[in-house]
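Presented below is the structure to which this report refers.
The values are calculated or read from the model by the stated rules, or taken from the named source; none is laboratory data. Only a predicted model underlies this, so the values are computations on that prediction, with no experimental measurement involved. Cβ sites come from the backbone with ideal geometry, for glycine too, and all protein chains shown count toward neighbours. Please note that ligands, DNA and RNA were not included when accessible areas were found on the heavy atoms of the full protein model with its side chains. Shrake-Rupley method; radii C 1.70, N 1.55, O 1.52, S 1.80 Å.
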Amino acid sequence: MWKFVSKSWKIPSQFVRKLSASPIIKNRKPVKVEFEEKTKKSKKRVSSEAESSNSNTNTSPKKSKWEPKNFQETLQNIRDMRKEHPAPVDTMGCDVFHDSETEPRICRFHSLVSLMLSSQTKDETNFSVMTRLKNRFKTFSPEQVIECSEFEFEELIRPVSFYKTKAKHIKQTCEILVNEYNGDIPKSIEGLLKLPGVGKKMAHLCMKSAWNITTGIGVDVHMHRIINRLNWVPKATKNPEETRVALEDWLPMDLWPEINHLLVGFGQTICAAKPKCDNCKNSSICPYYPTYLKEQKPKKGSK
């Protein structure tokens, strides 16, 4: 039996007249209209189900990125305190050795050496040694360090901690720079990490200070301490590398370039190993402040 007539297929007119005269066809209800109505109902049902599904999807809450409590207020207070209290890192950090009159590759080399000397060494001492090196050599280039005896170089950097190991690493690095990079320094984290004595913290800081490229956050033991005091990580971390990974996971990338310099200086002036919490603008909202107050109370039995 015919259920509907296709629009794309034309039936011969003589056949249509004969078919229309048939009593079966005369008494049969037009199924085409019925099919179209069902189709419309079906489309309406599918459409309403889709709308319902979209509605449920749109109303479901989006998972927000974790952020420490009072982070924006704490950050702004630290910025304000850094302006009020200049720190050694502001005038003696590894990024202050850029000289417009010096060849760019030499400036980059100075940034790298300054960082290699800075490990477990105060900025004041590091700055003094770098000044001594620049005065000893005309330009203080990798080529000049290679020509210098290891004994003399050790004596030049003697004030810094682990000076013998650092002298060895710097001289080995200079050989690599001259032989593989035409006297310049690598322009990638991977390249920097292949240099003797250069770790992730140092590599990220070097990329920023030497090439002005932000590749990550340099976290040292002092930043590690401050970040855990402020609860700027979802859970306590055990070392600077864990802190770096946890911090980079949530901190907006536009804050990465400033965070190291900001917190290092804050640690040198206010949030030191022995913190000056009473002089800190964040004392009322700082998670560490209650612990500080407990530590100030005299112990039982003490006079």
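Suppose we look only past 17 Å in the calculated P(r) of segment 160-303. What percent of the Cα-Cα pairs does that tail hold? Of all Cα-Cα pairs in segment 160-303, 69 percent lie more than 17 Å apart. A DSSP coil position with no more than 16 other Cβ atoms inside 10 Å describes none of the GluC sites (Glu not before Pro) in segment 206-303.
Accessible surface computed residue by residue for segment 157-287, with neighbouring protein chains in place and a 1.4 Å probe, gives 47 Å² per residue. Of the whole protein surface, Arg108 contributes about 40 Å² of accessible area at a 1.4 Å probe radius.
Coupling constants for segment 273-289 follow from the phi torsions by the Karplus curve (6.51 cos²θ - 1.76 cosθ + 1.60, θ = phi - 60°), and in residue order they are 4, 9, x, 9, 4, 5, 9, 9, 6, 9, 4, 6, 10, 7, x, 7, 4 Hz; glycine and proline get x.
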